[in-house]
Structure formats: C-alpha cells, structure tokens
Amino acid sequence: MDTRYWNKATLYRYVDALRKGICDSSNFSPVDSEKLAMRCIKNLTIEKISFLNSDICGILYKGNYTTSIALNTKRSPEMQNFDCMHELIHYFFHDIEYCQRICSDKTGSTIRQDAYIEWQANEGAAQFLMPYQDFIPRFLPLIAQSFPCTSFQTVDDLAQFYRVTPAVIEVRINQLSYEIDQYRQGRSLEQIQLLSKKKREQQGIKVTPYLALLDFALDSFIESVV
C-alpha cells in the first residue's frame, strides 16, 4: 500500500476502516492490542524481550509467510499496548521493506528510522486506540467537572480507560487540540477538519493549549489550599 502522500485525514480514514473491520463491536471499547494481533494475524509470534534499555519500543518482522513482533519488557504493560499497536499499523499499512525494523521511542536515537513512516505508525496507533470520535466527547466533560479539575486526574483517568500511559494521553490531547476547538465551537464530529500539527503551523492556526490550562487549574488549586 502506498502511504507516501497520506495526510492526517487520510490516515484516520484508513485506520477507522481497519478498526471497524477487525474489532468485535461497532461500538467503541478499549483495545488490548496483543490479543487483537493474535486474533487477526496468521502465523504471528509475539515475544517479550528485555532489551538493553527502555528506548526500544518494539521490533517488527513481516515476512512472506510469518510475522514476529518483539516487545520490550522494560516498558510498562500500558506502553507495550501502544507499542504493539504501533507495530500493527506498520504491518497493515506499510510495504514489507518497512516492516523489518526496530522502532525507538527517542527521536534522536541512533536507530535509523523513516520519520514520516514512524509518524504514521504513532498517529495511526493513537487513532486506533483512542479514536477522536470517542476521545473528544470523553475528554470535554472531564475538564468541565466542578473546579478544581486537575490535569493529573484528567490524564490519569483517560489513561486508565484507554489502557495507555498518561504521557500518551498528553500527546493525544495536543494532537487533537484543533479538533477539540472545532467541536467546542459547535461542529459535529463528522464535520471536524483534521489537520496535523505541521499543517496547522504552516497555516498559522492557533489552538487552545489544553494541557497548560489544566496545569494552571492545578496550580491555582494548590495555591488556594496552601
């Protein structure tokens, strides 16, 4: 599959179609990516390996007849849930030459990676595990709860629900800031325009810094009780 010219909207459309095709229910439910992989991929082996450090997320080998995914035991189960989905995006959407690779959590890693392909795998994994159609309506009531609503509470609640880490939730909030703004302004989920951070910056689009607002609410609360 040629994904060289996919933008965020195209990527999400394909990920949504994949999710609809392989998940058990049309209604959203949190995903265990390892169980999903074992159910959907023939001749798959998932191995848990203690790599030298936690920077290595996983390794994917997609052959003509067998597939192997190695996950790093130095990373938490929640990290591994995202890592496995990252490798699954590679498996389903990227040609075989991109599917015999090591994926790192560090942009400055000595491991050679294709930045655009890795962006697709990360963004695709986020959309599969935390579809914006579910994430945005779930996120907004949390920040609308009676003051104070701390960023820790909000991020932790979402992380627990989606089976990922708080850091992944924070990235997702930043990824979807423009889409959240549109939804708050009255656009339906079907009408929301999807734009990557790079495209927003190119167009000079300013978005609400939701994490900063949540942190400000937390700081204000702490000051009020000290």
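Could you sort out which of LYS8/LYS62; LYS8/LYS206; LYS42/LYS198; LYS62/LYS199; LYS35/LYS62 sit more than 28 Å apart by Cα distance in this structure?
Values: LYS8/LYS62 25 Å; LYS8/LYS206 18 Å; LYS42/LYS198 37 Å; LYS62/LYS199 32 Å; LYS35/LYS62 18 Å.
Violating the 28 Å limit, Cα to Cα: LYS42/LYS198; LYS62/LYS199.
Given the protein chains as shown and a 1.4 Å probe, how many square angstrom of ASP32 are accessible, to the nearest 10?
That residue has around 50 Å² of solvent-accessible surface.
Students sometimes get this wrong: rank GLU201, GLU47, GLU179 by accessible area, probe 1.4 Å, all chains present, largest first. List each step's numbers first, then the result.
Values: GLU201 120, GLU47 90, GLU179 0 Å².
So, going from the largest accessible area down, we get GLU201, GLU47, GLU179.
Given a 1.4 Å probe and heavy atoms of the protein chains only, how would you sort LYS42, LYS199, largest accessible area at the top?
Working: LYS42 170, LYS199 95 Å².
Sorted by accessible area, descending: LYS42, LYS199.
Using 0.36 nm times the number of residues separating LYS20 and GLN193, minus their current alpha carbon distance, what extension gain do you get? Don't skip to the end; give the middle numbers.
On the way: separation 173, 0.36 × 173 = 62.28 nm, distance 2.09 nm.
Taking 0.36 nm per residue and subtracting the Cα distance, the gain is 60.2 nm.
The values are calculated or read from the model by the stated rules, or taken from the named source; none is laboratory data. Here the structure is a predicted model, which is why all the values come from computation and not from measurement. Surface accessibility is based on the protein's heavy atoms, side chains included, excluding ligands, DNA and RNA. Shrake-Rupley method; radii C 1.70, N 1.55, O 1.52, S 1.80 Å.
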